[in-house]
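The structure follows.
Please treat every number below as a calculation from the coordinates, not as lab data. All figures in this text were calculated on a predicted structure; none of them were measured in a lab. In this analysis, Cβ positions are derived from the backbone assuming ideal geometry, glycine residues included, and neighbour counts consider all displayed protein chains.
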Amino acid sequence: MLDGVKEFIASGRPFLGICVGYQALFEKSDEFNSCAPGLGVFAGKVVRFREHPGLKIPQIGWNQIQLVQPKCPLFRGIADGSHVYFVHSFFPTPTDEFIVATRTDYGGDFASSIWRDNVFATQFHPEKSQAVGLQLLQNFVELAERRA
């Protein structure tokens, strides 16, 4: 399956990774204390949230996104500061800050989505994010239809 994902991305067709599908795009992960290898599509590591007073791990619930790349086609029609739904204890730390499309604060700032060329990925769950998530998924479908 890993080779299939890499081949699909290399084809230039739009790819959308969600949650673990986002995390898998990076070189390695601290999850399960294993430094497990990822796909290596992007440089960086997946790390666990640090303990922070008043915040629970995993982060479960609504949080805001800050648009870092407002021209990212995935976020067309989505306002800066929109709320989306998260369920996670880990998040990627991209080496290349230029791929970060949105950031979110949860005891510290983290890259909540990325975009480079045909690859889009979100730590949050668009399918659980009501109108904002539906807009994001519609934007992705339109991108995919244009590339078909």
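Give me the compactness ratio for region 48-99, meaning the Cα radius of gyration over 2.2 N^0.38 Å. Don't jump to the answer; show the numbers that get you there.
Working: Rg = 13.1 Å, N = 52, 2.2 N^0.38 = 9.9 Å.
Normalised by 2.2 N^0.38 Å, the Cα Rg of region 48-99 equals 1.33.
Would you be so kind as to identify which of SER11, PHE98, GLY38 lies farthest towards the positive end of the dipole of the chain, taking Lys and Arg as +1 and Asp and Glu as -1 on Cβ and the Cα centre as origin?
Checked the options; the winner is SER11.
Next up: Apply the a/c threshold of 1.5 to the C-alpha gyration tensor of region 11-81 and tell me whether it is rounded, prolate or oblate.
oblate
Can you check what the net charge comes to around PHE86, using other residues whose Cβ is under 12 Å from the Cβ of PHE86 (Lys, Arg +1; Asp, Glu -1)?
Residues near PHE86 contribute +1 overall.
Excluding LEU2 itself, calculate the net charge of residues whose Cβ lies under 15 Å from the Cβ of LEU2, where each Lys or Arg counts +1 and each Asp or Glu counts -1.
Combined, the nearby Lys, Arg, Asp and Glu give -1.
Excluding PRO70 itself, calculate the net charge of residues whose Cβ lies under 12 Å from the Cβ of PRO70, where each Lys or Arg counts +1 and each Asp or Glu counts -1.
That works out to +1.
For GLN123, enumerate residues with amide H under 5 Å from its amide H, sequence gap 5+ or separate chain, H modeled in the peptide plane.
CYS19, SER113
With no solvent and one point per C-alpha, what does the Debye sum give as log10 I(q)/I(0) for region 47-134 at q = 0.16, 0.19, 0.25, 0.26 Å⁻¹?
Debye output, listed in q order: -0.59, -0.84, -1.39, -1.48.
OK, next. When a/c reaches 1.5 or more, the comparison of a/b and b/c decides; with that in mind, is region 97-142 rounded, prolate or oblate per its Cα gyration tensor? Kindly include the intermediate steps, with their values, before the conclusion.
On the way: a/c = 3.13, a/b = 1.24, b/c = 2.52.
Because a/c hits 1.5 or more and a/b fails to exceed b/c, region 97-142 counts as oblate.
Whole percent per 5 Å bin, from 0 to the bin with the longest distance: what is P(r) over all C-alpha pairs of region 1-147?
Answer for region 1-147: a P(r) of 2, 10, 20, 23, 21, 15, 7, 2, 0, 0 percent.
In region 30-103, which trypsin sites (Lys or Arg not before Pro) fall in coil by DSSP and have 10 or fewer other Cβ atoms within 10 Å?
ARG50, LYS71
Rounding to the nearest 20 debye, state how big the charge dipole of region 36-132 is about its Cα centre with +1 on each Lys and Arg Cβ and -1 on each Asp and Glu Cβ.
140 debye
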